[in-house]
């Protein structure tokens, strides 16, 4: 059984499973992109608490996190590690978070619901402005 380094596995998971850029992942992890780069390149050890953050933010199932931490190849255990299944699991967890936010913030929910009545051109303009606002505010 071939083992893989933890930092290699986490980078593979971000790239191949989640399809997140390093910048987006660092933002979600609430760390600098250079710190994530150092973790992924193996030039900096990943503290245990940070491993828990990776698991939570990347929505890594427990069996998959155990596999990553013990350095086993995906085919080494009986669990399904197919990238599509793991990606769908990640997306399902993201949808749950989005729905929770919408339930907690009814004004946001009403605003987004109103998009259904916009023309496609107006929707695109609205989304462009929201994305621009997000890009501006995430630097705070």
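Computed values, structure above
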quantity	calculated
Matching residues in segment 29-41 - criterion: being in contact (Cβ under 8 Å) with a residue 24 or more places away in the chain and surrounded by 14 or more Cβ atoms within 10 Å (Cβ to Cβ)	29, 39, 40
Filter result (closer than 18 Å to residue 61 by Cβ and either touching a residue at least 40 places away in the same chain (Cβ under 8 Å) or not assigned by TED's automatic domain parsing to the domain that holds residue 85 (or both)) within segment 5-28	6, 9, 10, 13, 14, 16, 17, 18, 19
From the options 68, 60, residue that is surrounded by 11 or more Cβ atoms within 10 Å (Cβ to Cβ), outside any helix (DSSP H, G or I) and either under 20 Å from the mean Cα position of the chain (by Cα) or in the same structural domain as residue 12 (by TED's automatic domain parsing) (or both)	60
Within segment 85-107, tally of residues that are modelled with pLDDT under 95 and either farther than 29 Å from residue 61 by Cα or not in a helix (DSSP H, G or I) (or both)	0
Segment 120-132 residues that are closer than 18 Å to residue 108 by Cα, paired with ones that are part of a helix (DSSP H, G or I) (beta carbon under 8 Å, 6 or more apart)	123/115; 126/115
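The values are calculated or read from the model by the stated rules, or taken from the named source; none is laboratory data. Quick caveat, the model's predicted, so the values are computed rather than measured. Every residue, glycine among them, receives a Cβ derived from its backbone with ideal geometry; neighbour counts consider all protein chains shown.
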